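**Student:** Please read through the structure below; I'll follow up with questions.
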Amino acid sequence: MPGRSEPSPQPGDAAPGLRERTRRAMKAEVAEVAMRLFGEQGFANTSVDQIAGEAGMSRATFFRYFGTKEDVLFDNLEEIGRTLAVALAERPDDEDPWVSLRRTFDAITATLTSEPERSLRLTRMLSETPSLRARHWEKQLGWQEQLMPEVLRRVGAHATDTHDPRARALVSSALACLDAATEAWLACHGETPLPALIDRAMGALGPHPAHLR
């Protein structure tokens, strides 16, 4: 799922140096240009040369920041995984883990629903382009691994206890609900808000949607 969001700094994190901050800023600028072009003319019809030209750089400079055109999309999805992990860690300790996972998704739906038409185009592109869909699935597996330790802690298991199935069942089910809600959002062309669809999907497996708020 596309969207731009930065994780909150954690205690003890070292501030990035000037070179790293400049690199991040440049990557964000190139990604913004690429996302606009993808949304306007489609992924397949957008070339690296077009992205580089719009961003005011050479093709060679583009490849200093991104290994492939696909990486423009999926570098951002890695950031989303970190954002979700931070959002989950910030939920109240005594909150039901399923409810915490639902509220964690607010961190990305806020970004998607702020520009619904653009988000729908980009999300549909991810869903309908086979190569992108496969890589999106790989990235979501990464989100699962990032969320697992915190959910393990919340269900009373050690973060390294790979034999306890509860956390994996909760996280994988929550992400499946997110996917189901996103597909429904695309099918209705955004007429039903994505958060309401996530409530409906997750409410089918856990607490009633009224209790997910």
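**Student:** If I fit a long axis through the Cα atoms of helix 69-89 and take the longest principal axis of the Cα atoms of the chain, what angle between them do I get, 0 to 90°, rounded to 10?
**Tutor:** So the inclination is approximately 30 degrees.
**Student:** Where does helix 130-154 land angle-wise versus the long Cα axis of the chain, in degrees 0 to 90, nearest 10?
**Tutor:** Rounded to the nearest ten degrees, it is 40.
**Student:** From the convex hull of the Cα coordinates of the chain, what is the mean projected area in square nanometres?
**Tutor:** 12.8 nm²
**Student:** Something else about it: Using r as the Cβ-Cβ distance of SER47 and SER131, and R0 as 22 Å, what FRET efficiency do you calculate, to the nearest 0.05?
**Tutor:** Computed FRET efficiency for SER47 and SER131 comes out at 0.90.
**Student:** Along the charge dipole of the range 108-199, pointing to its positive end and built from +1/-1 on Cβ of Lys, Arg, Asp and Glu, which listed residue (LEU194, VAL155, THR109) has its Cα farthest out?
**Tutor:** VAL155
**Student:** Place a +1 charge on the Cβ of each Lys and Arg in the chain and a -1 charge on the Cβ of each Asp and Glu, then give the dipole magnitude about the Cα centre in debye, rounded to the nearest 20.
**Tutor:** Roughly 300 debye for the chain.
**Student:** Once both labels are modelled 7 Å past Cα along the beta-carbon direction, what's the ARG166-SER114 spacing in nm?
**Tutor:** The answer from the label model is 3.6 nm.
**Student:** Might you tell me the accessible area per residue for the chain, computed with a 1.4 Å probe and given in Å²?
**Tutor:** Each residue of the chain exposes 52 Å² on average to a 1.4 Å probe.
**Student:** Using only the Cα atoms of the range 99-213, construct the convex hull and provide its projected area averaged over every direction, in square nanometres to one decimal.
**Tutor:** That works out to 7.3 nm², a quarter of the Cα hull's surface.
**Student:** Now a separate question. Go through the range 174-187 residue by residue and turn each phi into a ³J(HN,Hα) via Karplus (6.51, -1.76, 1.60, θ = phi - 60°); whole Hz please, and just put x for glycine and proline.
**Tutor:** 5, 5, 5, 5, 4, 5, 4, 5, 5, 4, 5, 4, 5, 5
**Student:** Also, quick follow-up: Carbon and sulfur together cover what percent of the accessible area of the chain at a 1.4 Å probe radius?
**Tutor:** About 53 percent, which is the carbon plus sulfur part of the accessible surface.
**Student:** So how tilted is helix 194-203 from the main axis of the chain? Cα-based, degrees 0 to 90, rounded to 10.
**Tutor:** Between the helix axis and the principal axis of the chain, the angle is about 30 degrees.
**Student:** Work out the charge dipole of the range 68-135 with +1 on the Cβ of Lys and Arg and -1 on the Cβ of Asp and Glu about the Cα centre, then indicate which of VAL99, LEU120, VAL86 is farthest towards its positive end.
**Tutor:** LEU120
The values are calculated or read from the model by the stated rules, or taken from the named source; none is laboratory data. Only a predicted model underlies this, so the values are computations on that prediction, with no experimental measurement involved. Every residue, glycine as well, gets a Cβ built from its backbone with ideal geometry; the counts of neighbours run over all protein chains shown. When the accessible area is computed, the model is the full protein with side chains, heavy atoms only, and any ligands, DNA or RNA have been set aside. Shrake-Rupley method; radii C 1.70, N 1.55, O 1.52, S 1.80 Å.
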